[in-house]
Amino acid sequence: MSVIAFAEQRNGAFKKSAFETVAEAKRLADKLGTQAVAVVIGNNVAGIASELGKYGASKVYVVENAALENYSTEGYTQALTEAVKKENASVILMGATAMGKDLAPRTAARLGAGIASDVTA
């Protein structure tokens, strides 16, 4: 069991929200006695993945594919869902960005899970 943080990136650079999400996942994971795991999806993103360790990620899943260079609802949903299942995550955190707001409900539906959006505390 773990807490997953979706680390949003664009053009090979993390958005500020990715670091905030990973840090919050670490805080929550510590409270739950588990680990924070980050997921980064895109193309040519393996080189930036190690940055997430500075913010508390114990492990980082990197999903790379040329078809994922630009955001794709179906592609990203599939990639994130697979990572969540592999990790047997109990909680998934995403930034309240346009991408996060598109990806979160679709991932929750695939997993048969609930969703709380725009949570600040």
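Points to keep in mind about this one:
- Lysine pair count for segment 1-77 [Cα-Cα under 18 Å; pairs on different chains or 8 or more apart]: 7
- When the chain is treated as a Gaussian network with alpha carbon springs shorter than 10 Å, the biggest mean-square fluctuation among A25, A96, A83 belongs to A96.
- When the solvent-accessible area of segment 20-121 is split by element, carbon and sulfur atoms take up 48 percent of it, the probe being 1.4 Å.
- Between S90 and S117, the FRET efficiency estimated from the beta carbon spacing at R0 = 25 angstrom works out to 0.90.
- Among (1) 2, 13, 25, 27, 22, 9, 2, 0; (2) 2, 10, 19, 25, 19, 13, 7, 3, 1, 0; (3) 2, 11, 18, 21, 18, 12, 8, 5, 3, 1, 1, 0, the entry derived from the coordinates for P(r) over Cα pairs in 5 Å bins from 0, in percent: (1)
- In this rough spin-label picture, where each label sits 7 Å from Cα along the Cβ direction, the E64-A46 distance is 0.4 nm.
- For the pair A13 and E82, a Förster radius of 22 Å applied to the C-beta separation gives a FRET efficiency near 0.40, rounded to the nearest 0.05.
- Counting only protein heavy atoms and a 1.4 Å probe, the chain has 53 square angstrom of accessible area per residue.
The values are calculated or read from the model by the stated rules, or taken from the named source; none is laboratory data. All of these numbers come straight from a predicted model, not from anything done at the bench. Here the Cβ is made from the backbone with ideal geometry for all residues, glycine too, and neighbour counts use every protein chain on show. In case anyone asks, the SASA skips ligands and DNA or RNA and just uses the protein heavy atoms, side chains included. Shrake-Rupley method; radii C 1.70, N 1.55, O 1.52, S 1.80 Å.
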